[in-house]
Every structure is written in C-alpha cells, then in structure tokens.
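Here is the structure we will look at.
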Amino acid sequence: MSTSYERRTVEGKGADLLAVEEPLEIRVNGTPFTVTMRTPGSEVELALGFLYTEGITNIRGAKLCTDTPNVVEVELTGAAPPPRNFYTTSSCGICGKASIDSVKVHSQHDVSQDLTRVSKTVLNGLPAKLSAAQKSFRHTGGTHAVGVFTPDGQLVIAREDVGRHNAMDKVIGTLWQRGQLPLTGHLVLLSGRASFELTQKAWVAGAPIVAAVSAPSTLAVDTAQEAGMTLIGFLRGESMNVYTRPDRIA
C-alpha cells in the first residue's frame, strides 16, 4: 500500500523522509480524461473534487480501478466532456487546459450574498489548527494543506498533497461525498499562497471566505472581487491583509 511519505537515503546523513509523488489517471465513463501528479491517499475524493471544480457535477459515482494501479474510474449520468490534452503537474492544476477561455469555470453559487462573519481572533488561531493537522508536512516539509473551518474556528476537514490544487480537490471531493457542498457559512484556509486556481475552486465550491498564510496573486484578488468573496493573505500571528470584502471580518 502506498503511503504519503517514504524514507530515502541521504549521502553522509543517513536517511530522510520525503513526500511521495505519483501519477494518477482519472477516467470518465471509461475514457482517460487527465493524469495528475499527486501524493497517494484520497484518490477517489481527489478525482471527484477535480471534476466538481471543473464544473462537471453530473457525477454518478467513482471507484479505484481494481486491475490497474493509480487509476480512478468516474461514472457520469450523461456524456463525458472532451479529455484533457496534457497531464497536470503537482504544481499546476490548469496545465491541461487547451485554451485561455477554458481556464475560467463558472460557479453555480452566489457567494456574494453569504452573510458569514468571522472574528480576527478566530482567524489568527486558524493557521496553528491547520498546522496541527499536517502530519505529512511535519515528517517531510514537502506538502501543502487545505482546511475548511466553521466561523467559530472548528476544523471540519483538512487534506495534504504535494500539489496545492490536489489538496483542495481532496477536500472538496470528500465534502461532496458527505453531501456538505456548497461551503455556505464556512471558510477555507490555504497553507501557502492564494493562487487563481485555488480561489476559483473555492468559489465553485461556494466558500464565502478564503484565507492564506502567504500572498495572493493579482488574478486571485480579481477573482475574489468578481465573486464577492472575502480574500485574506499573509495570515500570520496577529496580522493579516484583507484584499476583498472586509465587511465579513468582525
């Protein structure tokens, strides 16, 4: 069975634990759709979250392929979309897009009307709670994490992966399985920077607030502004930058 980290020899220093990175093929209605590089674990959830945040919501079910390793088979209730042209790396979740127009995904959720509010005190305490859930990162220092929290600071779910977008997809896919989408009344915390693709995925999942311990990109801010989402960056200690919709910060 694959694990999220493995011990490898380091010349002159004994051994070190490294985060595992392996390919995962996602098949839709029996046809190869895309290949992504990811950390083993929650493969079905990753596939579900990936398709959901691509706007493919007519999902009947998904399962690990029994005769071929590192393959998830997803069944839709209707026709499958065209396959991705290229494989997706662990650093980029949109690398397989064939055109500029296909990069943006329309969200079915109007997060601008979400009245969720969160206090600065609660926000300041979230990075430590997410860090406590990052088992793989503590061993390897090589994974990213995404966590979903309630406005009073309770951790609903956290997932890790070498790819930021994969961690988000694992979270969203798991919540889809639980029937807990959209993320109305919740906030998403990113262990790294807030990129366009993560902000868009959060919007597609219906999250009104996204916070990151590092910087956002310009397109992430533009996307949050368009969505009516609250975007917070540099959430460290008792400081933070609020880029959009500061009215949700109590």
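Readers should treat all values here as calculations from the given coordinates under stated rules, not as data from a laboratory. Keep in mind the model is a prediction, meaning the values are calculated, not measured. A quick note on method: Cβ atoms are made from the backbone with ideal geometry, for glycine too, and the neighbour counts reach across all protein chains shown.
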By how many nm would the segment from Asn70 to Arg138 lengthen if fully extended, with 0.36 nm per residue of separation less the alpha-carbon distance?
22.0 nm
Under a straight-distance cross-link criterion of Cα-Cα below 18 Å, which aspartates and glutamates are reachable from Lys104, leaving out those fewer than 8 residues away in the same chain?
Glu54, Asp169, Glu197, Asp222, Glu226
Tally of Lys pairs whose C-alpha atoms are under 19 Å apart, taken over the range 111-248, 8 or more apart or cross-chain:
4
First measure r as the distance between the Cβ atoms of Leu219 and Glu11, then evaluate 1/(1 + (r/R0)^6) with R0 = 30 Å and state the FRET efficiency to the nearest 0.05.
0.15
In vacuum, with every alpha carbon of the chain counted as one equal point scatterer, what does the Debye formula give for log10 I(q)/I(0) at q = 0.15 Å⁻¹? Two decimals, please.
-1.02
All Cα pairs of the range 152-250, percent lying beyond 22 Å:
21 percent
³J(HN,Hα) across the range 172-185 via Karplus (A = 6.51, B = -1.76, C = 1.60, θ = phi - 60°), whole Hz, x for Gly/Pro?
5, x, 5, 5, 4, 4, 7, x, 10, 10, x, 8, 4, x
Extended-chain gain in nm, criterion 0.36 nm per residue less alpha-carbon gap, Gln108 and Asn124:
2.7 nm
Can you compute the helix-only [θ] at 222 nm over the chain? Use -39500 (n - 2.57) per DSSP H run of at least 4 residues, normalise by all residues, nearest 500 deg cm²/dmol.
-7500 deg cm²/dmol
